[in-house]
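Every number here is computed from the coordinates shown, using simple stated rules; none is lab data. All values reported here derive from a predicted model rather than from experimental measurement. Note that each Cβ is placed from the backbone with ideal geometry, even for glycine, and that neighbours are counted across all protein chains shown.
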Amino acid sequence: MDAMLATRPPCTERDLPPAPPLTDENLALIGRALAHPERIRIIRQFTVCTPHIVQEIVDHSDLAQSTISEHLRILREAHILFVREDGPRRWYCLRRSLLRDFVREIDDLAQSNQLVEF
């Protein structure tokens, strides 16, 4: 496993297609993906910009690999994580730019002081 970890791909968004626009639907999708404590714990494993394989993520959790895989699927579908394929291995990386854009959008909502009448 040490040799495999030595061949980690770069954790860069440079070659990725752009993230989808932050429509209201996509903001809600990201919000739902972030609305589970285990998924937040998974994201915290990416504080250092290093790609991870599933087993590394599982090793830092008390959950079964199948449960972690389901959380990873949800994070991928929300474009929070992306995958680099390397033969049989799938390396997960965090799409930091999407999280920054999400935070900006939510902050804009919080800062809005438009008066809305119902």
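Listing for the model above:
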read-out	value
Candidates P20, P88, P51, ranked by Gaussian network fluctuation over the chain, Cα under 10 Å, top entry	P88
Local electrostatic count, R39, Cβ distance below 15 Å [Lys/Arg +1, Asp/Glu -1]	+2
HN-Hα J in Hz across the stretch 45-59 - Karplus 6.51, -1.76, 1.60, θ = phi - 60°, x for Gly and Pro	5, 9, 4, 8, 6, 9, x, 10, 8, 4, 4, 5, 5, 4, 4
Under 19 Å from the D108 label point (7 Å along Cα→beta-carbon), backbone N, the stretch 26-66	26-32
Computed E for V48/R14 - FRET, C-beta separation, R0 22 angstrom, nearest 0.05	0.75
Cα-based Rg and Dmax for the chain, where Dmax is the largest Cα-Cα distance (Å)	16.2, 62
Peptides 53-61, 71-79 ordered by average Cβ neighbours within 10 Å, highest first	71-79, 53-61
Where labels lie 7 Å past Cα in the beta-carbon direction, separation of E70 and R96 in nm	3.1
